[in-house]
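These notes concern the structure reproduced below.
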There are 2 protein chains.
Amino acid sequence: MPPQTIDDLPTPVLILDRAVLRRNLRRMSDRLRGAGVALRPHLKTAKSIAIGRMAVEGHDGRITVSTLAEARYFAQGGFKDILYGVGIVPSKFAAVTALRRQGIDLRIVTDNLPVARAIADAARNGDTFSVLIEIDSGGGRAGLPWPDLPGLIDIARVLHQAPGVEFAGVMTHAGHSYHESTPEGIAAVAEQERQAVVGAAAALRAAGIPCPIVSAGSTPTAVHSRDFGGLTEMRPGVYVFNDLDQEFIGSCGPNDLALSVLASVIGHYPHRNQLLIDAGALALSKDISAQEFQPKVGYGTIADAPAKDMAVVACSQEHGFVGAADPIPYGNLPVGSRLRVWPNHACITAAAYDRYYVVDSDLDGGKAVVDTYDRINGW
Amino acid sequence: MPPQTIDDLPTPVLILDRAVLRRNLRRMSDRLRGAGVALRPHLKTAKSIAIGRMAVEGHDGRITVSTLAEARYFAQGGFKDILYGVGIVPSKFAAVTALRRQGIDLRIVTDNLPVARAIADAARNGDTFSVLIEIDSGGGRAGLPWPDLPGLIDIARVLHQAPGVEFAGVMTHAGHSYHESTPEGIAAVAEQERQAVVGAAAALRAAGIPCPIVSAGSTPTAVHSRDFGGLTEMRPGVYVFNDLDQEFIGSCGPNDLALSVLASVIGHYPHRNQLLIDAGALALSKDISAQEFQPKVGYGTIADAPAKDMAVVACSQEHGFVGAADPIPYGNLPVGSRLRVWPNHACITAAAYDRYYVVDSDLDGGKAVVDTYDRINGW
């Protein structure tokens, strides 16, 4: 018999609140439809066909992935228009081709002229490619740095002129939006993100090169952008679950967190006002990104905490150290009782698990396990 | 056809050097045999039956695990004496019993009187348990804090007197050895670790309670301890692979690192003297423990680096940002070329992968893939 409630699940385990998930999906779907921009959700967060299907409901089904393992998995789930958003290398062409031969429009990304030439060469044998050029809108990760965009036209021309290659457009990701914590600050980053990629598209068109896709997006910029002009699509990802980091930068509110880790109390240490739980560095991840704006969150905060500022203050591999500003009420938390931890960064925490146990807080307080969704990990 | 060399493997991927692994295993095996102490390797690092078998070669086969998933996996691999080293809770008794009924001597750990009583109650139905009491030798994680050892005799008496329960002894883990960086400092922690658990055993025996197992151990203390008197076994774990953290605290030398992540260069960013690789937060983990003694290691250093202090200086989910103190020689590292990254903390990095690709640096420079070993992840 499958588990009936989360009290029956072995800990640590990943809990997904479907009611919150649906609200998060609906909010983003409505916002981008209202803006007249296509939604290409970045499924690196959810890595789940079930969630991917919900995310594209009412949209045209295009998605983004971060690994070829995700591309293969979502292709099996019926997704046809897939952007692999990490710079391609020639050793991965064969895996891309295998999916394209199955009828999947798997699109790839580069910002490198020798790679563009290698793509053109690889297409000479009859295989086709669809390629976007990545632009760095200020985050300082991948992409041709805006506003100089060095080499943009050269790379695009190689791709545009190569038989068998579709030069599909330009894309950017404003990762620096994660380091702002006001709507105004994020909106300013969103405007940089928009100008960078719309500017790149304009430069290409001025050079006579069509640029059908103009793709931007992160969750914060999708939430706070004030102008989508010139963009054809947005690629938010973590909005499906949200997390402490998104809450503190202002992409969501405290009731919008869909993902938590359920853990058991495994020891009491009143001499240092701590308890231990069986969710440590592997179950929570060592991601502490939310500490940029709120140091007290540690490796995750305790849901419905019975003491002030109760959080996982340290982690070893399978032990989470829970501390609090007030004395911990140990009588309410005997060894064997359970806590839920809100993660700093949902994308990284979820990657330790092969499935979600799904509850629904709109039903019975969210205790019943109403479904399980699988996930694809690895590469 | 399986991959012939690491150049054929899709990146990112986990590479294990069998020659280094064997030297690491031999060194620890010889050291503890010489000390007259049993070796109970902590297989939370390797999580691999193949490696576990090599680790216990010439010893009696006892092992330590950090999850019940590991316990089940190693039981299938023929291991019979397994210590589950994370504080037990009643909801896990059924899983423990299932393995014990298969003839596995799965031993559990607690430091909590109500849990000891629950174990005694659970044994009334004919099931048996083997239980150790955990002692905190100064690391401040789990265990009864030494030297006070509050409740030690009460907990031990409940276990010792319960029909069906074997009170098997005491165990401790000196996690604070990871925060020392000299042989003298680590040896001092090792002596605390020894005194705490030998002292607990003496207190129990004085109270008329037998204490057959007196278990201590971390890799640093196993390497640097100067006195094993009174200990019956040691439980080092990360020594099988070693990592940057162990190198910097002095548990091993720079040629003793068996585990690396093979990654592809995916982009060149000369305007900021960086390149990107396809190993980011998931492929390397966000563990930066080695930065305590060497901040320049970032999220991992580059093996055989062509520039000074070349390291992964930042990570997003699937992107690793590689920087260096000298100008990066991009001509030697075209997009698509490969780098190997030494991780900060092997236990955490390895957990992202389901297998090791095994090379042997004593053969042909370590390029041929000579084997693959599977791993057990999750709970």
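The values are calculated or read from the model by the stated rules, or taken from the named source; none is laboratory data. Note that this is a predicted model, so its numbers are computed, not measured. Glycine also receives a Cβ, built like all others from the backbone with ideal geometry; neighbour counts cover every protein chain displayed.
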Return the residues of the stretch A:72-85 that are touching a residue at least 40 places away in the same chain (Cβ under 8 Å) and either in a loop (DSSP other than H, G, I, E, B) or among the aliphatic types (A, V, I, L, M) (or both); say none if nothing qualifies. A:83, A:85
Single condition residue A:303 does not satisfy, out of (1) closer than 19 Å to residue A:288 by Cα; (2) within 20 Å of the chain's Cα centre (by Cα): (2)
Write out, first by first residue and then by second, each pair whose Cβ atoms fall under 6 Å of each other, whose residues are 6+ apart or on separate chains, and whose first residue, in the stretch B:164-178, is in the same structural domain as residue B:201 (by TED's automatic domain parsing) and under 20 Å from residue B:195 (Cβ atoms) while the second is buried (at least 24 other Cβ atoms within 10 Å of the Cβ) and of a type in the set (S, T, N, Q). B:171/B:215; B:172/B:137; B:173/B:218; B:174/B:137; B:174/B:218; B:174/B:221; B:177/B:218; B:177/B:221
Checking residue A:284 against (1) surrounded by fewer than 23 Cβ atoms within 10 Å (Cβ to Cβ); (2) more than 10 Å from chain B (Cβ to nearest Cβ), which test does it fail? (1)
Please specify each residue of the stretch A:76-87 satisfying the condition of being surrounded by 19 or more Cβ atoms within 10 Å (Cβ to Cβ) and away from chain B (no Cβ under 14 Å). A:79, A:82
Condition first: assigned to a helix (DSSP H, G or I), more than 9 Å from chain B (Cβ to nearest Cβ) and without any contact (Cβ under 8 Å) to a residue 60 or more places away in the chain. Can you find one or more residues in the stretch A:131-143 that meet it? no
What are the residues in the stretch B:93-139 that are charged (D, E, K, R) and surrounded by 22 or more Cβ atoms within 10 Å (Cβ to Cβ), if any? B:107, B:111, B:134, B:136
Subset of the stretch A:147-166 [surrounded by fewer than 20 Cβ atoms within 10 Å (Cβ to Cβ), within 14 Å of another protein chain (Cβ to nearest Cβ) and either within 27 Å of the chain's Cα centre (by Cα) or under 13 Å from residue A:110 (Cβ atoms) (or both)]: A:147, A:151
Sort out which residues of the stretch A:14-61 are touching a Lys or Arg at 6+ places or on another chain (Cβ under 8 Å), among the small types (Gly, Ala, Ser) and closer than 22 Å to residue A:72 by Cβ, and write them in order of number. A:46, A:48, A:61
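Table: residues versus (1) over 24 Å from the mean Cα position of the chain (by Cα); (2) of a type in the set (A, V, I, L, M); (3) modelled with pLDDT of 95 or more.
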site: A:105; (1), (2), (3): no, no, yes
site: A:120; (1), (2), (3): yes, yes, yes
site: A:142; (1), (2), (3): no, yes, yes
site: A:168; (1), (2), (3): no, yes, yes
site: A:172; (1), (2), (3): no, no, yes
What are the pairs with Cβ atoms under 8 angstrom where one residue, in the stretch B:183-211, is under 16 Å from residue B:133 (Cβ atoms) and among the aromatic types (Phe, Trp, Tyr) and the other, located anywhere, is part of a loop (DSSP other than H, G, I, E, B) and at pLDDT 95 or above? Sequence gap at least six, or different chains. none
Restricted to the stretch A:52-71, and to residues that are within 14 Å of chain B (Cβ to nearest Cβ) and assigned to a loop (DSSP other than H, G, I, E, B), which residue is farthest from residue A:234 (Cα to Cα)? A:67
Would you be able to say whether some residue in the stretch B:312-334 is touching a helix residue (DSSP H, G or I) at 6+ places or on another chain (Cβ under 6 Å), buried (at least 23 other Cβ atoms within 10 Å of the Cβ) and farther than 22 Å from residue A:377 by Cβ? no
Got at least one residue in the stretch A:273-286 being out of contact with any strand residue (DSSP E or B) (no Cβ under 8 Å at 6 or more places or on another chain) and not assigned by TED's automatic domain parsing to the domain that holds residue A:132? yes
Matching entry among A:295, A:270 (being more than 9 Å from chain B (Cβ to nearest Cβ) and free of Cβ contacts under 8 Å to residues at least 40 places away in the same chain): A:295
Would you confirm whether or not the stretch A:233-247 contains a residue that is touching a Gly at 6+ places or on another chain (Cβ under 8 Å), more than 18 Å from residue A:349 (Cα to Cα), surrounded by 24 or more Cβ atoms within 10 Å (Cβ to Cβ) and of a type in the set (A, V, I, L, M, F, W, C)? yes
Residue A:14, sole failed condition from (1) touching a residue at least 40 places away in the same chain (Cβ under 8 Å); (2) touching a Ser or Thr at 6+ places or on another chain (Cβ under 6 Å): (2)
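The rows are residues; the columns are (1) buried (at least 19 other Cβ atoms within 10 Å of the Cβ); (2) aliphatic (A, V, I, L, M).
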| position | (1), (2) |
| --- | --- |
| A:185 | no, no |
| A:190 | yes, yes |
| A:193 | yes, no |
| A:197 | yes, yes |
| A:206 | no, yes |
| A:213 | yes, yes |
| A:219 | yes, no |
| A:224 | yes, no |
Every residue from the stretch A:144-163 that is in a strand (DSSP E or B) and free of Cβ contacts under 8 Å to residues at least 12 places away in the same chain: A:145
Please find, among A:290, A:303, the residue that is modelled with pLDDT of 95 or more and either in contact with a helix residue (DSSP H, G or I) (Cβ under 6 Å, 6 or more places away or on another chain) or away from chain B (no Cβ under 14 Å) (or both). A:303
